[in-house]
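Reviewing the structure listed below.
The values are calculated or read from the model by the stated rules, or taken from the named source; none is laboratory data. The structure displayed is predicted, hence computed values, not measured ones. Here Cβ is always computed from backbone atoms with ideal geometry, including for glycine, and neighbour counts include all displayed protein chains.
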Amino acid sequence: MVDFSLTEGDLKLMEVMRAERLRARTIAREIDRIPESQPLTDGDHPIVAGTIAPYAALAQEKAPISGLAVTECLMQTVGAPEFNTRPAPSPSGTWIVNELGSEEQKKAYGHLWLVFGVSEPIAGSDPSAMISTAKYDPETDEYVLNGEKTFISNIDLGDGVVVIVKGEPDADGKRPFYNVVLLKGTPGFEIGQPWRKLGTRYHNLGSFSMVDVRVPAMNVLGNGFVNIQTRLNVNRPVQSALGLGMCRSILDFTHGKLAEAGDEVDYAKGRSSRSFAEDKLIRMEALWEATWGVIMQCKWLEQQLGQLSKGFQTQVAMAKTMSGKATRQITQGCLELLGAEGISEEYLAEKYFRDARIIDIYEGPGEIHRLAIARKLLGYRKGELD
Ligand SMILES: Cc1cc2nc3c(=O)[nH]c(=O)nc-3n(C[C@H](O)[C@H](O)[C@H](O)COP(=O)(O)OP(=O)(O)OC[C@H]3O[C@@H](n4cnc5c(N)ncnc54)[C@H](O)[C@@H]3O)c2cc1C
């Protein structure tokens, strides 16, 4: 049975997250002015010192919740994250080591803080176009890596990266993907300057190059690219919910500003008696709710059918597409209603507008997920629709 009511535990945890985000909001503008972010690995930000981390609260909650996957997304929708108040629990690279690594590899690298490097200057949406290589040297039992990666989150923080590269062609001419642990300080591994960007300035983004980098064969985790993509799908609805969180903040702010101007939204009024502003805000709220429904259905399917089920995988692409679009439309629509106040640095509305743009880029833009939906539902193969 589908049940849309939130449990006592859900509501409590959403409140914990809301409190965290409201604390962060008090210094969000200050943080936004720092072009590069603060470290993610050095413990909690002082603004949240002495308070329970929302994810720790989720893990410990005793009251009934709608399920870990659903409740995590519910928590993300309560407001904009503002900035990273806590270290990431387990960055993607570390997670991959612990998913795909042998016992020996997990012991050696599973405790390190490793990011994840796939995107290349000529291979973003289509990772199969990547040209970075790994070549085996039997004399030293090492792999030699060459290539360049870009737009890599937090590459300058932590211990290194799990980088995806292509191996040498097999008997059928196919080149396998390798996931390789690459640690900082390895000769030939050079990290570039951080990118300065439109929004999410608290989120570090950079690039790196590999020139004849030698790593022991033991650093190669396995050819699990499809497996990793499938598993990464688990995170996409969470990012989608994060987009709704940003929208929640800008919608609430816009409601407040309209009310100050004497145009408080009255949901009971008929369409013909609403003001333009009221109508526009109500339509954006409806889009928010519809997107919320798709994300929750997605996570519900994950809980019911499992992370590898086709139903869940298809719904992931729908949730990410819809959230990317809704996030852009709602933040833009609110700025339209706010007029000059929307772009004033006195308020955070313009920051939410800038921060939100990323939701429709990373973890796959809407165009790419639309292709994924068509492939999954209609059975198209790669290349037939592009
Ligand atoms: C803040 C941030 C963090 C990131 N973190 C990481 C990270 O940690 N690790 C990592 O590996 N990568 C990361 N990325 C990279 C991200 O995954 C890529 O930016 C994304 O996959 C898109 O690739 P691209 O930017 O090269 O765009 P492109 O692939 O060049 O696409 C440009 C535009 O063309 C559209 N397009 C492309 N192909 C098609 C098609 N066939 N049909 C229709 N439209 C198409 C796209 O939708 C997009 O709008 C990050 C990006 C950002 C912005």
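Overview of results
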quantity	calculated
Selection within segment 116-127 - under 21 Å from the mean Cα position of the chain (by Cα) and either farther than 20 Å from GLY160 by Cα or more than 6 Å from the ligand (Cβ to nearest atom) (or both)	GLU120, PRO121, ALA123, GLY124, SER125, ASP126, PRO127
Test: residue in segment 53-70 that is hydroxyl-bearing (Ser, Thr, Tyr) and either closer than 24 Å to ILE295 by Cβ or within 15 Å of the chain's Cα centre (by Cα) (or both)	yes
Search result, residues across segment 332-357 that are within 16 Å of the ligand (Cβ to nearest atom) and either modelled with pLDDT under 95 or more than 17 Å from the chain's Cα centre (by Cα) (or both)	LYS351
Residues within segment 176-213 that are in contact with a Gly (Cβ under 6 Å, 6 or more places away or on another chain) and of a type in the set (D, E, K, R), tallied	2
Qualifying strands (runs of 3 or more DSSP E) (wholly inside segment 57-157; at least 3 residues being crowded, with 21+ Cβ neighbours inside 10 Å and of a type outside the set (D, E, K, R))	114-117, 142-153
Of all residues making up segment 101-115, the number that are within 16 Å of the ligand (Cβ to nearest atom) and either over 22 Å from the mean Cα position of the chain (by Cα) or not aliphatic (A, V, I, L, M) (or both)	1
Options ILE295, ILE368: the member that is farther than 29 Å from ASP263 by Cα, of a type in the set (A, V, I, L, M, F, W, C), in a helix (DSSP H, G or I) and away from the ligand (no atom under 16 Å from the Cβ)	ILE295
